[in-house]
Amino acid sequence: MVLIAGAMLALDRFLPLFHLWGAPYSWAGYFFIAGGLAIANWHARLFKKLGTNINTFGEPGKITREGLFRVSRNPMYLGFVTTLAGVAVLLGAASPFLAVAGFALLTHYWYIPFEERAMLQKFGQEYTDYQHSVRRWL
C-alpha cells in the first residue's frame, strides 16, 4: 500500500492527466485516509488478539467473524483501498485513481485468490460456508 501511495504521488507530480478538484473538496481525502487506516489497523489488531497469521503468504491461522469480518471477508484490503482512494481524492488529479484501481484489481485477482486457496485447503467446508455467507468486499 505504501509503495502504491508513493506511485500515486509520482503520478500526480509528473503525469496528473487532468485536475479534478482542489481545496476544499480535496480535503475530503483526509476522512477516507483516516477511515481506511482505522479499518486496516482495527483488523490487524484483531488478528494479533486472536493469535492468527496476518502474513498473506503464511499459513492461515483461523477463521473469524469478528469485527467487519461479519460483512466482508477482506476488511484489511478494504481499508487499504479506502486509504488509497483518500490519497487520490486529496491529490485531486485523475492519474492517482489509476493506481488505486490497479491496486484493487491486483488485490482482487491475485492476493485474495491466493489467500482463499490457502483457506480452502486448510479449512475446507467451514471456509466454503463462510464464503457463501459473507461477501468478498462488501
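The values are calculated or read from the model by the stated rules, or taken from the named source; none is laboratory data. All figures in this text were calculated on a predicted structure; none of them were measured in a lab. Please note: Cβ atoms are built from the backbone with ideal geometry, for glycine as well, and neighbour counts cover all protein chains shown.
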For the range 66-79, give me the residue count where each residue is part of a helix (DSSP H, G or I), in contact with a helix residue (DSSP H, G or I) (Cβ under 8 Å, 6 or more places away or on another chain) and over 15 Å from Arg45 (Cα atoms). 1
Can you name every residue in the range 24-50 that is surrounded by fewer than 16 Cβ atoms within 10 Å (Cβ to Cβ) and among the aliphatic types (A, V, I, L, M)? Ala28, Ala34, Ala38, Ala44, Leu50
Before we move on, is Ser72 within 30 Å of Asp12 (Cβ to Cβ), in contact (Cβ under 8 Å) with a residue 60 or more places away in the chain and over 16 Å from the mean Cα position of the chain (by Cα)? no
Would you check if there is a residue in the range 82-102 being closer than 30 Å to Tyr130 by Cβ, touching a residue at least 60 places away in the same chain (Cβ under 8 Å) and either out of contact with any helix residue (DSSP H, G or I) (no Cβ under 7 Å at 6 or more places or on another chain) or small (Gly, Ala, Ser) (or both)? yes
Show the residue pairs meeting these rules: Cβ distance below 7 Å; 6+ apart or different chains; first residue within the range 51-68 and at pLDDT 90 or above; second residue surrounded by fewer than 11 Cβ atoms within 10 Å (Cβ to Cβ). Gly61/Gly51
Only one of these is under 16 Å from the mean Cα position of the chain (by Cα), touching a residue at least 24 places away in the same chain (Cβ under 8 Å) and more than 30 Å from Leu20 (Cα to Cα): Ala38, Ala34, Ala44. Name it. Ala44
Report the residue count in the range 51-78 for those that are loosely packed, with under 14 Cβ neighbours inside 10 Å and among the aromatic types (Phe, Trp, Tyr). 1
Number of the exception - Lys49 against (1) assigned to a loop (DSSP other than H, G, I, E, B); (2) more than 17 Å from the chain's Cα centre (by Cα); (3) not acidic (Asp, Glu): (1)
Looking across the range 1-24 at residues that are assigned to a loop (DSSP other than H, G, I, E, B) and aliphatic (A, V, I, L, M), the single one that is nearest to Thr83 (Cα to Cα) is Met1
